[in-house]
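Contents: one structure, followed by commentary.
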């Protein structure tokens, strides 16, 4: 190997070493930045739970109704926070604010209203509303099931879910002729067919609809 060749090889080795050191430095910097951000976030909250996110309600599209039970959480104000039932007249009562109409509003809408009214008493209030018990929305399962009854519509529930809640079928139930009876906005009633045997075989799964408030699942 000539002296010129040895010099060229040495130069290449140095260049590679410099590149590796640069990559390592950038990686270390990224890790330090991420760590600092995490520590900063923890410091900002004082090591405690963060402020409640008003968007973290139980189903922002859920419409509150009479008899529902709500959890009202006002950050750093336990006197206003607590569990509140919605009265039959659709109202709730809160300290400082008195009576508020809750029925007909979504949790996020009610949280916004409470937040606006609390601004007269505190700076930048943070409010979270969660529906902890659903009492105003329900559906019925009737006919040849083990436990025909009315059930709270506390979460998204399909026809199959309803059958399971009702304990399954009685003997001689016509499982291929089940239907959901639904009241339409114009006051009429609509029959929505459900063939249990088809659905459990993975066919025509669109029949396994999500139930709505007031629906009745009929098992002949």
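What to note about this one:
- Zone residues, segment 73-92, relative to residue 133, backbone N less than 12 Å from point 7 Å out along Cα-to-Cβ: 83-87
- Note on segment 62-109 and segment 117-185: Cα centroid distance 21 Å, given to the nearest whole angstrom.
- Sites residue 212 and residue 83, calculated FRET efficiency, Cβ-Cβ separation with R0 35 Å, nearest 0.05: 0.85
No lab work stands behind these numbers, since they all come straight from the coordinates. All values reported here derive from a predicted model rather than from experimental measurement. No Cβ is skipped: glycine too gets one built from the backbone with ideal geometry, and neighbour counts run over all protein chains shown.
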